[in-house]
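Asker: Pasting a structure below so you can have a look.
The values are calculated or read from the model by the stated rules, or taken from the named source; none is laboratory data. Note that the structure is predicted; figures quoted are calculated from it, not measured. Note that each Cβ is placed from the backbone with ideal geometry, even for glycine, and that neighbours are counted across all protein chains shown.
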Amino acid sequence: MVKKIIAGVLAALVLILAAFKLFYNKDNVPKKIMNVRENLTSYHMEGNMEMTSHGDKRTFFVIVDYKKDNDNDLFRISLLDKNINQEQIMLRNKEGVYVLTPSLNQVYSFKGDYPLNSQKPYLYHSMLQALDGNYNIEKVSDGYLLSFAPKYENSPTWVKEDVKLSSDFKPVWVNIYDNNNSLVCSINFTKVEFNIDLKDDDFNVEINMNKAKETALEITRSEEELPLMVVENIVNSELQEKTTATVDGKTVYILAYRGNQNFTIIQSILEDNKEINYQAVSGTLVNFDQGIGIYNESYLTYIYNGIKYEIYSDSLSVDEMIEIVSSIDLVEAK
């Protein structure tokens, strides 16, 4: 009798395991996620992002809106830098790509594929790109854990990424590690909605600028603060020359570094525009720890907290330029 009971229990366990295997097949999970991606017409995501670079920790509140409009991919990406309480908005609509700085009433317009031209840690599209390469997916109690080696174009040291997905494949959190296995970027999503009703106005430049201006803080920077210097241990170069010049009635500060890395940095104070100031620029949008920059062949332009930085070099890669500009001491003028 006991043997029959044991045999019955074992048979039941086999059936349960078989049913579980039928229900959860690792090979079926990517197909289900792919199906979600193929049928995704829009999404809205909000989250808190923390990034660490050179020992400096920065926090952002991120909002991403996406809408599929026939053959057009429309995006609205808002990065609110909590360290300085200022917002930068990237828009992609049917007319082009735009970077909005509400605190300065400034708009830069581009042509190009941003933000789909490279991976972004806060884009659902980028997370699912992992399924097109090598990855590992694991079933956990309340969803799935997706792990892969990312390819962040301007962050080559970011080598490992874990993405927690809910049971309906919505992102819960993202953790990215460098080659020392140190956490360099993390995002905890507080709100995720799929296939929601987004209007064309949600991606309109003037509507977004006017709305953001209502809460944007005025930036007040003084000429006495400049120039701001590059952190010494970042480069194998020395400051050879420090000069000033006047361009269009404004003072610019020129720092020439020479050594193993030769480059020149130009800094200037930006003022708020009374009306929206549109400026068409050529180049490629690149991601910084603190926001967005513009790379054009041998120079990089970056605007942060009311200051415009331009770095010129014939020998530095764009990654090296980003590292140098990101290291500038934004606290103490020297």
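Asker: Residues that are touching an Asp or Glu at 6+ places or on another chain (Cβ under 6 Å) and within 16 Å of Glu310 (Cα to Cα), at least 1 per element: which strands (runs of 3 or more DSSP E) completely within segment 233-272 meet that?
Answerer: Once the strands (runs of 3 or more DSSP E) in segment 233-272 are filtered for at least 1 residues that are touching an Asp or Glu at 6+ places or on another chain (Cβ under 6 Å) and within 16 Å of Glu310 (Cα to Cα), what remains is 250-259, 263-269.
Asker: Which ones in segment 83-132 are over 18 Å from Tyr302 (Cα atoms) and hydroxyl-bearing (Ser, Thr, Tyr)?
Answerer: Matches in segment 83-132: Ser118, Tyr122, Tyr124, Ser126.
Asker: Now for a different question. Anything in segment 120-131 that is modelled with pLDDT of 90 or more and surrounded by fewer than 19 Cβ atoms within 10 Å (Cβ to Cβ)? List them, or say none.
Answerer: His125
Asker: Using the structure shown, decide if Thr284 is at pLDDT 90 or above and either under 17 Å from the mean Cα position of the chain (by Cα) or not aliphatic (A, V, I, L, M) (or both).
Answerer: Here the answer is no, as Thr284 does not meet what is asked.
Asker: Among the residues that make up segment 301-313, is at least one of them more than 14 Å from the chain's Cα centre (by Cα), under 16 Å from Gln88 (Cβ atoms), outside any strand (DSSP E or B) and modelled with pLDDT of 85 or more?
Answerer: Within segment 301-313 (the criterion being more than 14 Å from the chain's Cα centre (by Cα), under 16 Å from Gln88 (Cβ atoms), outside any strand (DSSP E or B) and modelled with pLDDT of 85 or more), the answer is yes, since at least one residue qualifies.
Asker: Separate question: Which members of segment 155-174 meet the condition of being under 16 Å from the mean Cα position of the chain (by Cα), surrounded by 18 or more Cβ atoms within 10 Å (Cβ to Cβ) and not aromatic (Phe, Trp, Tyr)?
Answerer: Ser155, Glu161, Val163, Pro171, Val174
This table checks each residue for (1) at pLDDT below 90; (2) within 29 Å of Leu217 (Cβ to Cβ); (3) assigned to a helix (DSSP H, G or I).
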{"site": "Lys3", "(1), (2), (3)": "yes, no, yes"}
{"site": "Leu10", "(1), (2), (3)": "yes, no, yes"}
{"site": "Leu40", "(1), (2), (3)": "no, no, no"}
{"site": "Ser78", "(1), (2), (3)": "no, yes, no"}
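Asker: Which of the residues that make up segment 49-60 are modelled with pLDDT of 95 or more and surrounded by fewer than 16 Cβ atoms within 10 Å (Cβ to Cβ)?
Answerer: Once the filter is applied, which keeps residues that are modelled with pLDDT of 95 or more and surrounded by fewer than 16 Cβ atoms within 10 Å (Cβ to Cβ), segment 49-60 yields only Glu50.
Asker: Ok, one more. If we keep just the residues of segment 301-318 that are under 17 Å from Val252 (Cβ atoms) and among the aliphatic types (A, V, I, L, M), which is surrounded by the most Cβ atoms within 10 Å (Cβ to Cβ)?
Answerer: Only one residue fits best here, namely Ile311.
Asker: Looking only at segment 62-73, how many residues end up being surrounded by fewer than 16 Cβ atoms within 10 Å (Cβ to Cβ), without any contact (Cβ under 8 Å) to a residue 24 or more places away in the chain and part of a strand (DSSP E or B)?
Answerer: 1
Asker: Okay, moving on. From the residues in segment 183-214 that are part of a loop (DSSP other than H, G, I, E, B) and in contact (Cβ under 8 Å) with a residue 24 or more places away in the chain, which one is surrounded by the most Cβ atoms within 10 Å (Cβ to Cβ)?
Answerer: Leu198
Asker: May I ask you to verify whether Leu146 is part of a strand (DSSP E or B), out of contact with any Ser or Thr (no Cβ under 9 Å at 6 or more places or on another chain) and over 23 Å from Lys199 (Cβ atoms)?
Answerer: In short, yes.
Asker: Could you please let me know if Val325 is assigned to a loop (DSSP other than H, G, I, E, B), in contact (Cβ under 8 Å) with a residue 60 or more places away in the chain and either surrounded by 13 or more Cβ atoms within 10 Å (Cβ to Cβ) or touching a Pro at 6+ places or on another chain (Cβ under 9 Å) (or both)?
Answerer: It is false that Val325 is assigned to a loop (DSSP other than H, G, I, E, B), in contact (Cβ under 8 Å) with a residue 60 or more places away in the chain and either surrounded by 13 or more Cβ atoms within 10 Å (Cβ to Cβ) or touching a Pro at 6+ places or on another chain (Cβ under 9 Å) (or both).
Asker: Being touching a Cys at 6+ places or on another chain (Cβ under 7 Å) and in contact (Cβ under 8 Å) with a residue 40 or more places away in the chain: is that true of Met51 here?
Answerer: Considered against the rule, which asks whether it is touching a Cys at 6+ places or on another chain (Cβ under 7 Å) and in contact (Cβ under 8 Å) with a residue 40 or more places away in the chain, Met51 comes out as yes.
Asker: While we're looking at this one, here's another question. Return the residues of segment 121-152 that are of a type outside the set (Phe, Trp, Tyr) and within 14 Å of Ile176 (Cα to Cα); say none if nothing qualifies.
Answerer: Across segment 121-152, the qualifying residues are Pro121, Leu123, Ser126, Met127, Ala130, Leu145, Leu146, Ser147, Ala149, Pro150, Lys151.
Asker: Could we say that Gly259 is small (Gly, Ala, Ser), without any contact (Cβ under 8 Å) to a residue 60 or more places away in the chain, surrounded by fewer than 10 Cβ atoms within 10 Å (Cβ to Cβ) and in the same structural domain as Ser313 (by TED's automatic domain parsing) here?
Answerer: Here the answer is no, as Gly259 does not meet what is asked.
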